[in-house]
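Student: Attaching a single structure in structure tokens format; questions to follow.
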Amino acid sequence: MKLGRNDICWCGSGKKYKKCHCHIDDRIKEFHRKGAAVPTRNLIKTENQIHGIRKSAKINIAVLDYVSENIGAGITTDEIDHWVYEQTILHNAVPAPLNYEGFPKNVCVSINDVVCHGIPSSDIQLKNGDIVNVDVSTIYQGYYSDSSRMFCIGEVSEEKKRLVDIAKESLYIGLQEVKPWGFLGDMGQAINDFVKANGYSVVREIGGHGIGLDFHEEPFVSYVSKHGKEMLMVPGMCFTIEPMINMGSADILIDEENGWTVYTADGKPSAQWEIQVLITDTGYEVLTW
Ligand code: MF3
Ligand code: CO
């Protein structure tokens with residue numbers, strides 16, 4: 001199975017291996033020899049796959065834009081679920097959460113002390129002062145995209161607004177560490193240090209993930225990781241950055257009845273923004289927001 005230098009590259013570019021992924025593969029092998037966690041080939045997206053993932057990402061953004069324009073006090077989270085379904089279908093795509101490991105709805109909507117995986121319901125109405133995360137994921141022609149945004153409903157306390165802002169800013173702090181031949185832990189630690197310095201905590205158990213050909217691919221992307229640790233970042237890798245930031249303790253609880261909804265253990269608010277990034281030859285491209 002070993003590719004010769006003059007063979008056609010595995011990525012479908014049509015170029016000779018030596019003119020294409022050969023040097024990247026050699027560099028990965030070198031890191032592997034030194035004991036680093038490195039991506040397997042299926043985690044390195046080809047141009048063709050990136051093309052498909054970008055199209056999916058555009059739809060994901062459009063769906064969240066629609067939510068942004070219509071969300072407000074008095075809306076039930078089930079209405080948001082319907083919007084997401086309708087807008088996704090309108091683009092000939094499918095909402096990824098629906099039936100994912102038994103998830104019953106099209107989108108996750110998480111309010112205040114709900115950290116993530118809030119299940120839309122006609123009984124839950126957004127009210128003045130709420131902070132809410134809407135997490136949208138799309139499948140288009142087999143390609144996956146994922147992002148989430150926070151919304152402040154009406155008059156939100158300064159305390160909660162700051163949490164929402166710091167959660168967003170942490171993505172930019174993390175992005176500064178996103179580059180080929182760095183480690184995911186460089187990004188994880190930058191986010192954690194920043195969040196802690198601002199008096200908040202980062203959820204440990206749930207994090208980001210590789211994405212593209214599947215909803216949740218390797219690697220798990222932690223934001224309590226350490227500089228120089230975790231998987232090597234390589235051009236063509238695609239993953240989410242989605243730290244969950246708690247105002248109080250990092251501890252979480254999972255709803256025993258539905259098995260999905262994640263709450264802060266101390267009942268204090270939590271905020272999260274999620275983007276999807278692609279590692280390029282020189283840095284990164286943000287695919288979703
Ligand atoms: N969209 C979430 C993420 O960011 C995953 C939710 S899984 C679901 O990874 F089943 F709840 F949709
Ligand atoms: Co995600």
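The values are calculated or read from the model by the stated rules, or taken from the named source; none is laboratory data. Model, not experiment: these values are computed from the prediction. Neighbour counts run over all protein chains shown; Cβ positions are idealised from the backbone, glycine included. Only protein heavy atoms, including side chains, enter the accessible area calculation; ligands, DNA and RNA are left aside. Shrake-Rupley method; radii C 1.70, N 1.55, O 1.52, S 1.80 Å.
Student: Considering only region 1-28, state which residues are under 26 Å from Asp186 (Cβ atoms) and open to solvent by 100 Å² or more (accessible area, probe 1.4 Å).
Tutor: His23, Arg27
Student: How many residues does region 117-130 contain that are on the phi < 0 side of the Ramachandran plot and within 15 Å of ligand 2 (Cβ to nearest atom)?
Tutor: Of the residues in region 117-130, the ones on the phi < 0 side of the Ramachandran plot are 118-128, 130.
If we keep only those that are within 15 Å of ligand 2 (Cβ to nearest atom) as well, we get 118.
Adding up the residues that qualify gives 1.
Student: Can you tell me how many residues within region 240-256 are aliphatic (A, V, I, L, M) and open to solvent by 50 Å² or more (accessible area, probe 1.4 Å)?
Tutor: Result for region 240-256: 2.
Student: Could you list, ordered by first residue, the pairs with Cβ atoms under 7 Å in which the first is in region 139-158 and farther than 15 Å from Val109 by Cβ and assigned to a strand (DSSP E or B) and the second is open to solvent by 40 Å² or more (accessible area, probe 1.4 Å) and of a type in the set (A, V, I, L, M), at least 6 apart or interchain?
Tutor: These pairs meet every condition: Ile139/Val94.
Student: Give me the residue from region 183-206 that is of a type in the set (Gly, Ala, Ser) and open to solvent by less than 10 Å² (accessible area, probe 1.4 Å) and, out of that set, nearest to Gly248 (Cα to Cα).
Tutor: First, pick out the residues of region 183-206 that are of a type in the set (Gly, Ala, Ser): 185, 188, 190, 197, 199, 201.
Filter once more, so that each one left must be open to solvent by less than 10 Å² (accessible area, probe 1.4 Å): 185, 188.
Working: Gly185: 23, Gly188: 19 Å.
For region 183-206, the residue satisfying everything is Gly188.
Student: Turning to a different aspect of this structure: Say we look at region 131-155 and pick out the residues that are closer than 21 Å to Leu213 by Cβ and surrounded by fewer than 20 Cβ atoms within 10 Å (Cβ to Cβ); which of these is nearest to ligand 2 (Cβ to nearest atom)?
Tutor: Here is the first cut: in region 131-155, the residues closer than 21 Å to Leu213 by Cβ are 135-148.
Still in the running and surrounded by fewer than 20 Cβ atoms within 10 Å (Cβ to Cβ): 141-142.
Numbers: Gln141: 19, Gly142: 18 Å.
Among those residues, the one meeting the criterion is Gly142.
Student: Answer yes if at least one residue in region 121-132 is near ligand 1 (Cβ under 10 Å from one of its atoms) and either in a strand (DSSP E or B) or free of Cβ contacts under 8 Å to residues at least 12 places away in the same chain (or both), and no otherwise.
Tutor: We begin by selecting, within region 121-132, every residue near ligand 1 (Cβ under 10 Å from one of its atoms); these are none.
No, region 121-132 contains no residue that is near ligand 1 (Cβ under 10 Å from one of its atoms) and either in a strand (DSSP E or B) or free of Cβ contacts under 8 Å to residues at least 12 places away in the same chain (or both).
Student: May I ask you to say which residue of Glu101, Glu79, Glu158, Glu169 is closer than 21 Å to Glu217 by Cα, of a type in the set (D, E, K, R) and either open to solvent by 20 Å² or more (accessible area, probe 1.4 Å) or modelled with pLDDT of 95 or more (or both)? Before you say what the answer is, go through the steps one by one.
Tutor: Numbers: Glu79 fails: closer than 21 Å to Glu217 by Cα; Glu158 fails: closer than 21 Å to Glu217 by Cα; Glu169 fails: closer than 21 Å to Glu217 by Cα.
Result of the check over Glu101, Glu79, Glu158, Glu169: Glu101.
Student: Could you check Asn106 against (1) surrounded by 15 or more Cβ atoms within 10 Å (Cβ to Cβ); (2) in contact with a Gly (Cβ under 8 Å, 6 or more places away or on another chain) and say which number it fails?
Tutor: (2)
Here's the yes/no breakdown for (1) without any contact (Cβ under 8 Å) to a residue 60 or more places away in the chain; (2) at positive phi:
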site	(1), (2)
Gly228	yes, yes
Cys238	no, no
Gly248	yes, no
Tyr263	no, no
Leu278	no, no
Thr288	no, no
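Student: Moving on. I'm trying to understand the selection: among the residues of region 89-98, which are open to solvent by less than 20 Å² (accessible area, probe 1.4 Å) and within 16 Å of ligand 2 (Cβ to nearest atom)?
Tutor: Correct list: Pro95, Ala96, Pro97.
Student: State all residues of region 138-152 that are polar (S, T, N, Q) and more than 13 Å from ligand 1 (Cβ to nearest atom); if no residue qualifies, say none. Write out each step before concluding.
Tutor: Here is the first cut: in region 138-152, the residues polar (S, T, N, Q) are 138, 141, 145, 147-148.
Once the filter is applied, which keeps residues that are polar (S, T, N, Q) and more than 13 Å from ligand 1 (Cβ to nearest atom), region 138-152 yields only Gln141.
Student: Also, quick follow-up: If we keep just the residues of region 257-285 that are under 17 Å from the mean Cα position of the chain (by Cα) and open to solvent by 50 Å² or more (accessible area, probe 1.4 Å), which is farthest from Lys58 (Cα to Cα)?
Tutor: Tyr284
Student: So Ser225 clears everything in (1) small (Gly, Ala, Ser); (2) more than 14 Å from ligand 1 (Cβ to nearest atom); (3) more than 26 Å from Lys34 (Cα to Cα) except one condition, right? Which one?
Tutor: Single failed check for Ser225: (3).
Student: Inside region 1-37, can you point out the residues that are over 30 Å from Lys229 (Cβ atoms) and among the aromatic types (Phe, Trp, Tyr)?
Tutor: Matches in region 1-37: Tyr17 only.
Student: Does Phe215 satisfy the condition of being open to solvent by less than 20 Å² (accessible area, probe 1.4 Å), within 13 Å of ligand 1 (Cβ to nearest atom) and either closer than 25 Å to Ala62 by Cα or out of contact with any Lys or Arg (no Cβ under 9 Å at 6 or more places or on another chain) (or both)?
Tutor: Values: open to solvent by less than 20 Å² (accessible area, probe 1.4 Å): yes; within 13 Å of ligand 1 (Cβ to nearest atom): yes; either closer than 25 Å to Ala62 by Cα or out of contact with any Lys or Arg (no Cβ under 9 Å at 6 or more places or on another chain) (or both): yes.
For Phe215, the condition - open to solvent by less than 20 Å² (accessible area, probe 1.4 Å), within 13 Å of ligand 1 (Cβ to nearest atom) and either closer than 25 Å to Ala62 by Cα or out of contact with any Lys or Arg (no Cβ under 9 Å at 6 or more places or on another chain) (or both) - is met.
Student: Residue by residue through region 212-254, note down the ones that are acidic (Asp, Glu), within 16 Å of ligand 2 (Cβ to nearest atom) and within 25 Å of Val164 (Cα to Cα).
Tutor: Hit for region 212-254 is Glu242, nothing else.
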